[in-house]
Amino acid sequence: MSFSALARGAAMFCVAFFCLHAAAQIDQTYARDPKQAVDQDYTQRINQYTTLPELNSPLTNYLPASSTVPTPQKVLGDVSGAPDILPYAEDVYSYFRMLESASPRVKVFTIGHTEEGREMIAVAVADESLLKNYKENDARLAKLADPRTINMNDATAADLVKQSVPVYYITGTIHSPETGAPTALMELAYRLAVDDSPYIQFIRTHMITLITPVVEVDGRDRMVDIYKWHKAHPSENYPRLVYWGHYVAHDNNRDAMTLTLDLSRNVLNTYVGWHAQVLHDLHESVPFLYDNTIGDEPYNAWLDPILTNEWQMIGWNNVQEMTKFGMPGVFTHGDFDTWSPGYLMFMAAMHNGISRLYETFGNGGADTVERILTPGEYSRTWFRQNPPYPKVKWSQRDNNNYEETALLVSLNYFAQNAQTFLNNFYLKSKRSILKPNDSGPAAYVLPANEDSKDRQRMLLDILRAQHVEISETTEAATVSVPVKQKRDKKDDGSDKDTKKPEQPKTESRTFPAGSYVIRMDQPYSRIADALLDRQYWAPDDPQKTPYDDTGWSLPALFSVEAVRVTEPAVLKTKMEIVPEGIGYGHMGGKNSIFVIANHADPSLITLRYLLKNATVSVADAPFTENGQQFPVGSLIVKDISYDEMMSAWGKTPLLTTVGLITPPSVPTHPATAPRIAMMHTWLGTQTEGWWRQALDKLGVPFDYINTQTVSSEDDLRSKYDIILFAPVGFARTAQIVQGLPMWGNALPWKKTDLTPNLGRIDSTDDMRPGLGYSGVDHLRRFVEQGGLLITSEDTAQFAIETGLAPGVSVTSHGDLKVVGTLLSTTVVDPKSPVLYGYSKPLTVYSEDGLSFNVSNTVGGTRGPRFGTGDERPTGRGGPDDPDTPQGRRYIAPDEQPKPKTWEPMPLNEEQTRNNPNVIPAGLRPLVLLRYADQDSLLVSGLLDHGNLLAQHAAVVAAHLGKGLVLLFANNPIYRGETIGSYPLVFNAILNFDHLTSTPATPQKTTGQ
Ligand SMILES: [Zn+2]
C-alpha cells in the first residue's frame, strides 16, 4: 500500500464515520477524486441508459477514466447494463483477465468446472499491497477460522485481527434468468481497481473483494442463447429456459446442504479456502432492491446470534445509505424466512461467516421495458417506507446501478468496520468449538454396526465435503442418551403440543470401536449440527408461508443412525481423525461366486449395471454365509472373473460382499439389467433433474426421452422395460397431456448457430406440444404389455387421473399441512421386492402431504359405502348393543368389515354382483408402504392435522394388464437428500419383472 493511499484512507475514515450521522455531508462522503479524469463517453452512456435520475447514485453515475485499464466497453462494445447486450460467461471472463493483465489490483483464479465442463472463476480485487501478500493474510485468517491453532487465545487473536484484512466474497447469476450481475460485477471490479475516490480507495485498501461473476455457467450460456433468439425474433414469444444447469434450475440454490452440484462445491471450497467472512449472493426478482438477508422469522435454529446481529447491522445500513441517495424501493425485511440452510449464501452462515443476498429488479434479459408492479410490490409497509413505483420503465442499467451501489455501500461499511467483523469471525469460530460445553450437543455418533455402510458413507461424504472433521473410535464408548418419548395429541387432530414435555429420561448406550464421531468441538460444528439434528416447525408459527422445506434431517433421510450425544465425556473416547477415503471392506480368497447383502444400499444398482456380463440373481429368502446374515433381496453373482468382480467392487466398496466357492442354497430369481427410459415434459425439468442426477451419479444407464417422443412412439415396450416419469413439479394432468397452448409461434429448444448451447441435453423443434392422448395410450400399452411405469407426486396423480392405476385415488387434503416435511412410514407388504432391505420404519420426504386410497373397484375412492347410517341410531341399550325391534325376533347382521385406513373396503356378495367395476382379485392395487400412525408420523418439519395423512397409503403398485404402475406419494429421489428412499426405486428396477410374483396381500373379503 502506498503512503498516499494509506494517508487518504485514514483521513477518509474520520469523514465517513462522521457522515454516517450527518446527512448534510453526503456529497463529501461520496466525493470523487478531483484529480482523476472521468471517462466522458462511458459516463454519458450510463446516464443515457438510466431511465430516471433517482435510479442511480453518486457512486455509479460516472466512471473514472484510466489510461491503462480497459473498461467493460472493451469487451461489451458498450457500457455495463447497456440495452440489448448480454455477454456469455467466456466474454465476462475475458474481461476479468484483461483487468488482471492491466492492473496489479486484480487476480483471477480458476475455482473449478461445471457438469458440462465450463470453467468457474473467482476474481480478487484489492490494493496491490494486499494482493501481493494475500497468502500471508490468508494464513492469519486461517488461524482465526480455527482458533484451536492458537489455543483459543484471545490476545493472539486480537493481534491477528489487527494485522489482517477481511475477504468479502460476491457471487453472481446462480439463477440464469436473473441476468444483470455479470456486467454489474465487471464494472464493480473496474471501479474497485481504478477509482481514486476516497470512498472506493478505502475499500480496496482495507479488504479483499472476491467475485465469482457467474455461478451457474452452463445456465448462463443457455440464457444468452435464448436472449439472442429473442433479439432475432423480436415480435415472437421466446422459449422459456427449460434447462438452466445440467440437472436443475432454481434448485441450484437449494444444494448447500448436500452439495451435489459442482457449482456448490466450487463456491464452498472457494469460500472456505479463502477463509472469507462474507458470502453475498446476487439475485433478481424483487423491485427495486430487497436486501433479503434480514428476511423474516423463523431464523435457522443453529445460527450464532452474533451473525443474526451482523445481518441487521449491514442490512439496515444498506437501506439507510441508499435512502439518503434518494433511491426508491430499497428495503431489507420481507417474506424470506431464514430457516433452511439450503441456500448458496447459507454456506457462510453455517461456516462462521455472514450470509447476504440481494434481490434487485431484473427484466430477464437486457431489454428496456415498462414494468407494472403488483400492490404487494409497491405498497408502503413499516419496513418499506420508500417503496418501489407502481409502474416504471426499467433497464438493465438501472439494475446494474442498484446492484453496484448497494454492493459499494456494503463493502465500504464492511471495510469501515473490518476489525469488528474479523473479531466476530474469530468469536463465531471459537464459539463453534465451545459448543459441547455450552449449547451442546457434544457429538453425533454414527455407530459402527450400522446395517448399510453404503448409506452411512454417503452421509459422511457430505459432511466431509462440508469441511467437517470425522473421527473414528478405537475403543468402545458408553454414554447416556435420551429415551424417545411419545407426544400427546389433542382429539381434534391438530398437532399442537398440549403438554409440556417431561424431563427427558436417559438410558445407557455403548457404541463399539469403529464408530464414527462428529465432534462438536471443531470450527465447522455448526453445519454438522444443523444437518444431523431434527427440525420442528410449530403448526401455529406466525410464518404461514415457509419459503422452502421445513425439515431436512439428513440421518433420517439417509436412514442412518446418528445419535445426538450431549455428555461431553464422549469426547474423551479414544478416536482418530479419519483421513480421505473412509473405511473400505475386505474380501479374501480367489472366489468365483459373490453374495452381496441388500440393506437398501443405493450402490447395489451401481454394482448391477457394472456387472453387465455376469449372471446376477436375487435371493427370494434370507440366508447366512460365513456367519453373515443376508436378507431377502440380496444379490448372488456368478459367471464372472475374480478381477472383474474386484474392479466393480472397488467402485462400490461398502456393500457387504462375501466371496464363495459354491452358491448359497436359497431360491432365487434372475436380476436382469433392465432397459430404462426417463421421460420428461417440456413444462419443467428441475424436479426430474434430481432423479437424472442420481441415476448418473450411481451409474444407472437410461435413455432420456420426452413426452413428445412417447406421443409418437407406439411400441415402447420393445425398447424399454421401465419408464421413469419423475415429478414435473406441480403440473396438472391436463398440462402434461396438452403441453403449452398452441396459439402463437413455435418455441424451439435446439442447437443452432444462433443458439449453440441449447438442445444438448434434449431437443425439440417446438416445446409446446405435450404428451397428447396418443402418448397416454402408448403408455397404457407399454404397461399392459408388461412394462413398469414409475411415477411420483404429480406424475402419480397423472397416472391415476388418466386411468393407468385402477383402484387408486388421491386422498382429499382437508386442513392437512405439510411443507417439505419428513414423515415416517411403515412397511405394509414386506414380501414386495420394492421393500427389500427395509427392516426399520423409513423416513420419506413429502412436498405437500399427498397420499392415496385404494379400492377394489375402479373409479372408487376407498370403496363403496352404500348409503349412510353406519352409526348406531337412537334406540335401546348402549352404543355397542344391538337395537332389537319389538314384536319380532332379532336377526343379527353380518359384522361390518373394519379395514385399516390403508386397506380397501372389502366387498360383500351384494356389492360384487353384476358390478363391472369390481377389479379381479389378482389385479387389485397393492399397498406397499403407508404413512405411520399419527403419534409417530412427524420426523422433521411442519405437520398440522396429520390425522388426515396418518396410515394412508404412500407407495402403491397398481396392476394394468401384464404390467404395473408404481405410484409414490412421496418423492423418493430429491435434492440428493433422500438417500434412504432411493432404493425403493432401485429395488423396483432390479426386480421389475418380479414385482407381482409374490401373492397379493390376502384380502379379507366376505364375498368375491
Ligand atoms: Zn434468484
Exercise for review: Note the full-extension length gain between Thr68 and Thr752 as 0.36 nm times their separation in residues minus their Cα-Cα distance, in nm to one decimal.
Suggested key: 242.4 nm
Check your understanding: Could you give the angle, 0 to 90 degrees to the nearest 10, between helix 305-324's Cα long axis and the longest principal axis of the Cα atoms of the chain?
Key -> 50
Study note, to complete from the structure: Subtracting the Cα-Cα distance of Asp703 and Glu895 from 0.36 nm times their residue separation yields 63.8 nm
Study note, to complete from the structure: Summing +1 per Lys or Arg and -1 per Asp or Glu among the other residues with Cβ less than 13 Å from Leu130's Cβ gives +2
Exercise for review: Report the residues of the range 763-805 in range of a label on Trp743: point 7 Å along Cα→C-beta, backbone N strictly under 15 Å from it.
Suggested key: none
Revision key, fill the gap. For the range 561-575, Karplus-derived ³J(HN,Hα) couplings (6.51, -1.76, 1.60; θ = phi - 60°; whole Hz; x for glycine and proline) come out as 7, 9, 8, 7, 10, 9, 6, x, 4, 4, 6, 7, 4, 5, 8
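Which FRET efficiency, nearest 0.05, do Asn151 and Gln785 yield, Cβ-Cβ r, R0 45 Å?
For Asn151 and Gln785, the calculated efficiency is 0.05.
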Check your understanding: For Glu377, what charge total do you get from the other residues with a beta carbon under 12 Å from its beta carbon, if Lys and Arg give +1 and Asp and Glu give -1?
Key -> +2
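Leaving out ligands and nucleic acids, note down the accessible area per residue over the range 312-467 with a 1.4 angstrom probe, in whole Å².
Computed with neighbouring chains in place, this is 28 Å² per residue.
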Study note, to complete from the structure: Between Val939 and residues 5 or more places away or on another chain, the pairs with built amide H atoms under 5 Å apart involve Leu822, Leu823, Ser824
Point to revise | Given charges at beta-carbon only (K, R positive; D, E negative), |dipole| of the chain in Debye | key: 980
Point to revise | Mean accessible surface per residue for the range 208-288, computed with a 1.4 Å probe while every protein chain stays in place, in Å² | key: 22
Revision key, fill the gap. Projecting the Cα atoms of Leu422, Met120, Leu241 onto the charge dipole of the chain, where Lys and Arg contribute +1 and Asp and Glu -1 at Cβ, the residue farthest towards the positive end is Leu422
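Hey, what did the chain get for relative contact order, percent, Cα under 8 Å, at least 6 apart?
11
List the chymotrypsin sites (Phe, Trp or Tyr not before Pro) within the range 344-412 that fall in a DSSP loop (any state other than H, G, I, E or B) and whose Cβ has at most 15 other Cβ atoms within 10 Å.
Working: sites: Phe346, Tyr358, Phe361, Tyr378, Trp382, Phe383, Trp394, Tyr402; in loops: Phe361, Trp382, Phe383.
Listed in order of number, the matching sites are Trp382, Phe383.
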Review point. Using 1/(1 + (r/R0)^6) with R0 = 30 angstrom and r between the beta carbons of Thr374 and Ala301, what's the FRET efficiency to the nearest 0.05?
Key: 0.40
Review point. Using the Karplus equation 6.51 cos²θ - 1.76 cosθ + 1.60 (θ = phi - 60°), what ³J(HN,Hα) coupling, rounded to whole Hz, does each residue of the range 668-677 give in order, writing x for Gly and Pro?
Key: 9, 10, x, 9, 5, 9, x, 8, 10, 10
Point to revise | Accessible area in square angstrom per residue, the range 796-946, 1.4 angstrom probe | key: 50
Review point. When DSSP beta bridges are limited to those with both residues in the chain, what percentage is antiparallel, rounded to the nearest 5?
Key: 70
Review point. Once both axes come from the Cα atoms, what is the angle between helix 181-194 and the longest principal axis of the chain, in degrees from 0 to 90, rounded to 10?
Key: 30
Practice item. Give the long-range amide H neighbours of Asp78: residues separated by 5 or more places, or on another chain, with amide H under 5 Å away, using H modelled in the peptide plane at 1.01 Å from N. Key: none
Point to revise | Computed label-point distance, nm, for sites Asp540 and Gln312 using a 7 Å Cα→Cβ extension | key: 2.6
Exercise for review: Please list the non-local residues whose amide H lies under 5 Å from the amide H of Asp337, H modeled 1.01 Å from N, same-chain partners needing a gap of 5 or more.
Suggested key: Asp296, Tyr547
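For every other residue with a beta carbon closer than 15 angstrom to the beta carbon of Leu771, add +1 if it is Lys or Arg and -1 if Asp or Glu, then tell me the sum.
With Lys, Arg at +1 and Asp, Glu at -1, the neighbours total -4.
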Check your understanding: Angle between the Cα long axis of helix 686-697 and the longest principal axis of the chain, 0 to 90 degrees, nearest 10?
Key -> 80
Review point. Can you pick out the pairs among Lys135/Lys428; Lys435/Lys505; Lys435/Lys651; Lys612/Lys831; Lys831/Lys900 whose Cα atoms lie more than 25 Å from each other?
Key: Lys435/Lys651; Lys612/Lys831
Revision key, fill the gap. Sequence order, the range 767-773: Karplus ³J(HN,Hα) from phi using 6.51 cos²θ - 1.76 cosθ + 1.60, θ = phi - 60°, Hz rounded, Gly and Pro as x, gives 6, 6, x, x, 5, x, 5
Exercise for review: Could you grab the relative contact order for the range 26-118? Cα pairs under 8 Å, six or more apart, rounded to a whole percent.
Suggested key: 24
Study note, to complete from the structure: Relative contact order in percent for the range 675-766 (Cα pairs under 8 Å, 6+ apart) equals 34
Practice item. Find how much the distance from Asn386 to Asn133 grows on full extension, using 0.36 nm per residue of separation minus their present alpha carbon separation; answer in nm with one decimal. Key: 86.8 nm
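Would you work out what percent of the accessible area of the chain, with all protein chains in place, is carbon or sulfur (probe 1.4 Å)?
Working: 19750 of 38290 Å².
Summing carbon and sulfur atoms, their accessible area is 52 percent of the total for the chain.
The values are calculated or read from the model by the stated rules, or taken from the named source; none is laboratory data. Note that the coordinates shown come from a computational prediction; the quantities given were computed from them, not determined experimentally. With ideal geometry, Cβ positions are generated from the backbone for all residues, glycine too; neighbour counts draw on all protein chains shown. Just the protein is used for accessible areas: all its heavy atoms, side chains included, with ligands, DNA and RNA removed. Shrake-Rupley method; radii C 1.70, N 1.55, O 1.52, S 1.80 Å.
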